[in-house]
Amino acid sequence: MEWMRQALAAGQSSDAREITAVDVQQLSDVTNALGNLYRCRLIGGDGQPADPASVIVKLPSSDPMAFRFSRWLSLHRREHVFYRDIAPHGYVRAPKLFYGDYDADSNRFVLVLEDLGHMQGIPQSVGLDGVRARHAIQHLAGLHGRFWEVADEPVLSACGDFLTTRESRIMQTVYLLTLPAALDRFGDLFTDEMRRFAREFGFRVAAHFSALAEGPKTVVHGDFRADNMLFGGEGQDDPALIDWQGFGIGCGMYDVAFFFATSVTSDVRRGIQRDALDEYRDIVCRSGARNYTREDCWRSYRQNMLGTLMPMVIGCGALDMSDPQLVSQTRELLSRALTAITDLDSWEFIPPREPFLAHGWGFSTLSRCAYPPYRLALRLMPRRKRAA
């Protein structure tokens with residue numbers, strides 16, 4: 001209780017001194033596996049709800065592997081920077097930050113955020129309807145357009161790249177480590193050709209994201225999907241975006257592609273993606289984007305769609321699939337992503353092999369050489385250990 005008083009006072013919350021009790025409820029959600037979430041109901045001196053009546057507190061994950069992963073990718077720093085430097089300006093709708101702190105040495109962090117529990121979340125496995133999906137993309141375009149090719153603005157001084165070279169290589173390694181499990185669990189969703197492409201992409205994940213970084217840059221959410229959105233009313237208002245651990249400077253179209261790969265059904269995507277991309281392009285161009293043609297937009301969308309395979313494979317291979325409902329949901333999302341990649345012929349954008357001794361050649365070659373014995377070792381491992 002005393003800590004909450006001090007935190008809200010430091011954040012200049014008006015009624016912090018009147019808090020006499022805090023009722024804490026842990027929120028268990030697989031979509032926040034890299035952080036622990038708590039709803040804290042604040043009680044005032046008269047026994048009535050304080051102001052604010054409740055807040056959401058986010059802390060690092062208690063899982064050691066998730067904690068290390070968050071350090072490797074600077075996830076806690078990214079989210080703290082967003083809420084500290086970007087959210088207060090209102091460029092995008094997000095929970096209000098009451099208090100935040102991050103320690104780079106220990107990777108410990110804490111966020112005390114506005115509780116948006118009164119808003120509606122729509123399960124990602126269900127998918128958004130076409131109206132809400134297009135509105136979400138329009139809202140995103142407003143953020144992207146505001147920072148289109150102006151990553152040197154002072155307000156972004158603490159922001160890092162969406163994926164640095166080091167982080168891309170980490171993700172390539174994790175992709176290859178989890179690909180065998182993903183293929184074992186959901187192999188019927190992959191054709192033989194798709195399996196070959198998925199394996200080949202694994203040796204070039206870092207090269208793919210390096211190629212994307214050569215295009216127009218802006219602020220990206222990094223995990224823009226339905227599970228990270230909350231809607232109010234009839235869904236016509238701007239959605240509130242949460243979970244900014246992927247925040248950084250990168251290719252804005254990755255947010256768009258990841259959204260369409262995961263957050264709408266394949267039929268909805270096919271029906272609205274062209275119009276939604278035209279609306280997206282119009283908004284970012286009105287905000288200052290130059291020489292960004294419809295062809296550029298469409299090509300970038302197709303190219304970025306390939307990149308959505310990375311988080312999907314990692315999720316399919318790394319998550320605990322003992323819950324049948326989670327298996328069913330994951331299966332639906334992977335099916336959508338693979339269908340989108342195939343519909344758009346995104347396999348075309350797998351980067352070519354790096355020339356001998358070129359930048360990235362050594363890491364790609366090491367990945368290519370290490371994967372077959374790793375796959376063989378998994379096959380020789382007893383089934384029980386392999387499942388674990």
| Taking ARG132, is it charged (D, E, K, R) and in contact (Cβ under 8 Å) with a residue 12 or more places away in the chain? | yes
| In the list ARG132, ARG166, which residue meets the criterion of being in a helix (DSSP H, G or I), charged (D, E, K, R) and farther than 21 Å from ARG77 by Cα? | ARG132
| field | Which listed residue, of LEU189, LEU183, LEU177, is touching a Ser or Thr at 6+ places or on another chain (Cβ under 6 Å), farther than 29 Å from ARG290 by Cα and of a type outside the set (Asp, Glu) | value | LEU189
| request: Taking the residues in segment 122-134 that are open to solvent by 40 Å² or more (accessible area, probe 1.4 Å) and under 19 Å from the mean Cα position of the chain (by Cα) as candidates, determine which candidate is modelled with the lowest pLDDT. | output: PRO123
| message | With outside any loop (DSSP other than H, G, I, E, B), of a type in the set (Lys, Arg), out of contact with any helix residue (DSSP H, G or I) (no Cβ under 7 Å at 6 or more places or on another chain) and open to solvent by less than 60 Å² (accessible area, probe 1.4 Å) as the only criterion, which of ARG71, ARG78 stands out? | response | ARG78
| request: Kindly provide the set of residues from segment 91-121 that are open to solvent by 30 Å² or more (accessible area, probe 1.4 Å), closer than 30 Å to SER287 by Cα and in contact with a helix residue (DSSP H, G or I) (Cβ under 6 Å, 6 or more places away or on another chain), ordered by number. | output: TYR91, LEU97
| message | Taking the condition of being within 18 Å of GLY250 (Cβ to Cβ), hydroxyl-bearing (Ser, Thr, Tyr) and open to solvent by less than 20 Å² (accessible area, probe 1.4 Å), how many residues in segment 152-204 meet it? | response | 2
| field | ALA276 being surrounded by 21 or more Cβ atoms within 10 Å (Cβ to Cβ) and more than 22 Å from the chain's Cα centre (by Cα) | value | no
| request: For segment 286-317, enumerate the residues that are of a type in the set (S, T, N, Q) and either touching a helix residue (DSSP H, G or I) at 6+ places or on another chain (Cβ under 9 Å) or closer than 23 Å to PRO351 by Cα (or both). | output: SER287, THR293, SER300, GLN303, ASN304, THR308
| For GLY271, are the conditions met, namely being assigned to a loop (DSSP other than H, G, I, E, B), open to solvent by 20 Å² or more (accessible area, probe 1.4 Å), of a type outside the set (A, V, I, L, M) and in contact with a Gly (Cβ under 8 Å, 6 or more places away or on another chain)? | no
| query | Is there any pair linking a residue in segment 96-122 that is farther than 20 Å from ALA9 by Cα to one that is hydrophobic (A, V, I, L, M, F, W, C) and part of a loop (DSSP other than H, G, I, E, B), with Cβ under 7 Å and at least six apart or on different chains, and which? | reply | ILE122/LEU128
| query | So which helices (runs of 4 or more DSSP H) are wholly in segment 283-388 and hold at least 2 residues that are open to solvent by 30 Å² or more (accessible area, probe 1.4 Å), out of contact with any Phe, Trp or Tyr (no Cβ under 7 Å at 6 or more places or on another chain) and at pLDDT below 95? | reply | 324-343, 361-380, 383-387
| query | Do you know which residues across segment 206-242 are within 28 Å of VAL57 (Cβ to Cβ), open to solvent by 10 Å² or more (accessible area, probe 1.4 Å) and assigned to a loop (DSSP other than H, G, I, E, B)? | reply | GLY222, ASP223, ARG225, GLY232, GLY233, ASP237, ASP238, ILE242
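The values are calculated or read from the model by the stated rules, or taken from the named source; none is laboratory data. This one's a predicted model, so the numbers in the text were calculated from it and none came from an experiment. Neighbour counts are summed over all protein chains in view; Cβ atoms, including those assigned to glycine, are modelled from backbone coordinates with ideal geometry. Note: areas computed on protein heavy atoms with side chains; ligands, DNA, RNA excluded. Shrake-Rupley method; radii C 1.70, N 1.55, O 1.52, S 1.80 Å.
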